[in-house]
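K.L.:
Got a structure for you, questions after.
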Amino acid sequence: MDLQQSTALNYGPAVSAAVASERIVETSIPARLDALPWNGFHTRVVLALGITWILDGLEVTLAGALSGALKQSPTLHFSNLDLGIANSAYLGGAVLGALGFGWLTDRIGRKKLFFITLALYLSATAATALSWNIASYALFRFLTGAGIGGEYTAINSTIQELVPARYRGWTDLVINGSFWIGAAMGAVAAIVLLDPAVIDPDLGWRLAYLTGATIGLVVLLMRMWIPESPRWLMIHGHPEKAEEIVSEIERSVVGHKQDGRGAGFAKIRIKMRSHTPIREVVHTLFFTYRQRALVGLVLMVAQAFFYNAIFFTFALVLTDFYGISADHVGWYLLPFAAGNFLGPLLLGRLFDTVGRRTMITLTYGVSGVLLALSGYLFSIGALSAQGQTIAWMVIFFFASPAASAAYLTVSETFPLEVRALAIAVFYAIGTGIGGVAGPALFGALIDTGSRSSVFAGYLLGAVLMIAAAIVAWRYAVAAERKSLEHIARPLASME
């Protein structure tokens with residue numbers, strides 16, 4: 001039998017009657033999921049769920065590429081500081097959304113959150129197009145960020161739990177890298193919609209935000225057929241439903257249910273639970289796995305500052321220091337986005353073959369060194385706008401898989417019951433420390449008009465990335481090609 005159940009008999013006097021009545025399940029579901037070959041099912045999951053990063057890329061790019069139009073808008077008249085505050089509001093919303101929705105994802109399931117967070121994103125993005133001042137714009141950006149932050153937790157955990165172990169690293173990196181497909185879409189939209197010969201720029205930026213809402217409607221339909229995570233179901237009291245879903249996946253992938261007679265699928269015994277108490281969550285994250293928590297926190301903080309500080313303000317650097325007009329910024333973003341997507345695509349396989357520790361160390365370290373070098377060249381005026389763009393393209397070829405590896409690390413190195421909340425907590429802390437402050441800081445540095453001041457900001461980002469590389473080399477987990485249950489046993493597992 002692939003799934004066996006029994007009644008829990010002896011839990012000790014400290015355990016409540018409700019817990020004592022829970023069943024114990026013995027199942028091979030994780031091993032069966034990991035044994036599957038890559039199939040159209042996995043591709044559809046990646047497309048339907050991974051498009052979240054495309055939406056985020058679109059949103060962030062629009063915020064950067066539209067900055068010039070927002071400053072010139074006869075209605076809004078934003079300053080660089082206003083734009084920095086609005087961008088920080090977006091990231092602040094993402095932090096709170098990740099925490100709140102991350103807790104709900106572990107408690108009520110992955111699938112329900114797909115629709116809640118996407119609905120919030122859709123409505124808030126559409127509302128952004130109707131903004132009338134800095135307060136309304138920042139509020140709607142905050143709510144949009146909350147939707148995207150919630151998406152991160154539900155989507156990352158589900159993809160980790162459905163994709164076979166030997167493909168997990170490359171898949172996760174490419175999905176996170178698809179952010180830059182959205183970035184390219186945002187750049188093209190900005191090029192067209194901000195062209196005064198095509199449309200009034202004050203109307204164009206509003207239509208640009210409506211583009212994201214339109215794409216979100218399509219995603220909503222694509223997600224209808226995505227199943228709940230069988231791993232989540234088997235722990236939260238629905239083993240029969242988990243077995244049904246896995247059997248359907250097996251039939252769609254290999255044509256029949258895997259019985260394990262030849263493969264000898266390993267089984268695990270789990271005491272099912274309705275939820276995981278918050279005290280146990282905190283103890284697991286910061287005591288049981290405190291070394292992994294340190295690694296996840298350092299990686300998240302470094303990449304959040306590095307990315308958000310530079311990317312949210314790249315358009316301001318081009319317009320204020322290189323004299324590029326706002327309606328031409330999109331052309332400079334396209335090669336920048338190409339480097340960011342090609343990095344995970346071409347280097348991603350190495351995270352599953354060469355290994356996590358080596359590749360995380362390499363990508364973080366190289367990114368930091370290259371940023372320091374290009375920052376110095378910027379400070380002495382040695383780069384043209386084209387040269388600056390090429391430098392960013394090369395830097396982020398390495399920085400993009402580095403940033404994606406941070407999400408990969410926190411989503412695969414903690415137990416299933418706390419996976420979504422772990423992603424949320426480290427994303428929130430990392431983004432709160434490194435991401436929310438970054439855009440506002442760089443906005444203020446750019447406002448000084450001093451290249452040396454901006455260079456100081458670049459140096460800070462470089463130091464954070466190099467420090468993260470050192471921490472990863474010393475403490476990161478070699479999780480390549482291993483099952484999630486091997487990397488971190490479920491809290492509900494029994495010997």
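The values are calculated or read from the model by the stated rules, or taken from the named source; none is laboratory data. Values in this document were obtained by computation on a predicted structure and should not be read as measured data. Methodologically, a virtual Cβ is constructed for each residue, glycine included, from the backbone with ideal geometry; neighbour enumeration extends over all protein chains shown. Ligands, DNA and RNA are stripped out before the accessible areas are found, and what is left, the full protein with its side chains, is counted by its heavy atoms. Shrake-Rupley method; radii C 1.70, N 1.55, O 1.52, S 1.80 Å.
K.L.:
Would you pick out the residues in the stretch 323-338 that are under 19 Å from Leu83 (Cα atoms) and open to solvent by less than 40 Å² (accessible area, probe 1.4 Å)?
P.N.:
Ile324, Ala326, Val329, Gly330, Leu333
K.L.:
With respect to Leu91, determine if the residue is touching a Phe, Trp or Tyr at 6+ places or on another chain (Cβ under 9 Å), open to solvent by 20 Å² or more (accessible area, probe 1.4 Å) and in contact (Cβ under 8 Å) with a residue 40 or more places away in the chain.
P.N.:
no
K.L.:
Still on this structure: Can you tell me how many residues within the stretch 94-112 are open to solvent by less than 20 Å² (accessible area, probe 1.4 Å) and farther than 21 Å from Gly434 by Cβ?
P.N.:
4
K.L.:
Still on this model: Looking at the stretch 121-137 only, could you name the residues that are surrounded by 22 or more Cβ atoms within 10 Å (Cβ to Cβ) and touching a residue at least 24 places away in the same chain (Cβ under 8 Å)?
P.N.:
Those that are surrounded by 22 or more Cβ atoms within 10 Å (Cβ to Cβ) and touching a residue at least 24 places away in the same chain (Cβ under 8 Å): Tyr121, Thr125, Thr128, Ser131, Tyr137.
K.L.:
From the list Arg269, Arg273, Arg290, Arg279, which one is among the basic types (Lys, Arg) and buried (at least 16 other Cβ atoms within 10 Å of the Cβ)?
P.N.:
Arg273
K.L.:
Still on this model: What helices (runs of 4 or more DSSP H) lie completely within the stretch 289-391 and have 2 or more residues being without any contact (Cβ under 8 Å) to a residue 40 or more places away in the chain and closer than 30 Å to Asp447 by Cα?
P.N.:
Where helices (runs of 4 or more DSSP H) fall fully within the stretch 289-391 and carry at least 2 residues being without any contact (Cβ under 8 Å) to a residue 40 or more places away in the chain and closer than 30 Å to Asp447 by Cα, they are 356-379.
K.L.:
Determine if the stretch 97-120 includes at least one residue that is within 20 Å of the chain's Cα centre (by Cα), more than 30 Å from Pro230 (Cβ to Cβ) and part of a helix (DSSP H, G or I).
P.N.:
No: zero hits.
K.L.:
Would you check if Leu139 is in contact with a Pro (Cβ under 8 Å, 6 or more places away or on another chain), over 24 Å from Thr43 (Cβ atoms) and of a type in the set (A, V, I, L, M, F, W, C)?
P.N.:
no
K.L.:
Going by what's in this entry, would Lys267 be described as closer than 30 Å to Pro37 by Cβ and at pLDDT 85 or above?
P.N.:
Here the answer is yes, as Lys267 does meet what is asked.
K.L.:
Can you tell me which condition Val219 does not meet? The list is (1) outside any loop (DSSP other than H, G, I, E, B); (2) modelled with pLDDT under 80; (3) open to solvent by 20 Å² or more (accessible area, probe 1.4 Å); (4) not acidic (Asp, Glu), and all the others hold.
P.N.:
Of everything listed in (1) outside any loop (DSSP other than H, G, I, E, B); (2) modelled with pLDDT under 80; (3) open to solvent by 20 Å² or more (accessible area, probe 1.4 Å); (4) not acidic (Asp, Glu), Val219 misses just condition (3).
K.L.:
Considering only residues that are at pLDDT 90 or above and in a helix (DSSP H, G or I), which ones fall in the stretch 411-428?
P.N.:
Listed by number, the list holds a single entry, Glu412.
K.L.:
Another question, then. Within the stretch 246-288, track down each residue that is under 23 Å from Leu421 (Cβ atoms) and in a helix (DSSP H, G or I).
P.N.:
Scanning the stretch 246-288 gives Ile278, Arg279, Glu280, Val281, Val282, His283, Thr284, Leu285, Phe286, Phe287, Thr288.
K.L.:
Can you pull out every residue in the stretch 193-209 that is open to solvent by less than 70 Å² (accessible area, probe 1.4 Å) and touching a helix residue (DSSP H, G or I) at 6+ places or on another chain (Cβ under 8 Å)?
P.N.:
Result: Leu193, Leu194, Asp195, Ile199, Pro201, Asp202, Gly204, Trp205, Leu207, Ala208, Tyr209.
Each row is one residue, and each column tells you yes or no for (1) over 24 Å from Ala183 (Cα atoms); (2) open to solvent by 10 Å² or more (accessible area, probe 1.4 Å).
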residue	(1), (2)
Pro415	yes, no
Ile423	no, no
Ser453	yes, yes
Ala456	yes, yes
Leu464	yes, yes
Ala467	yes, yes
Val471	yes, yes
Glu485	yes, yes
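K.L.:
In addition: Of the residues Gly381, Gly365, Gly348, which is more than 16 Å from Ala402 (Cβ to Cβ), open to solvent by less than 60 Å² (accessible area, probe 1.4 Å) and not aromatic (Phe, Trp, Tyr)?
P.N.:
Answer to the check: Gly381.
K.L.:
When residues of the stretch 234-244 are filtered for being open to solvent by 10 Å² or more (accessible area, probe 1.4 Å) and part of a helix (DSSP H, G or I), how many remain?
P.N.:
Number satisfying all stated conditions: 4.
K.L.:
Just to be sure, is Gly438 open to solvent by less than 10 Å² (accessible area, probe 1.4 Å), of a type outside the set (Phe, Trp, Tyr) and touching a residue at least 24 places away in the same chain (Cβ under 8 Å)?
P.N.:
Yes; evaluated as a whole, the condition is true for this residue.
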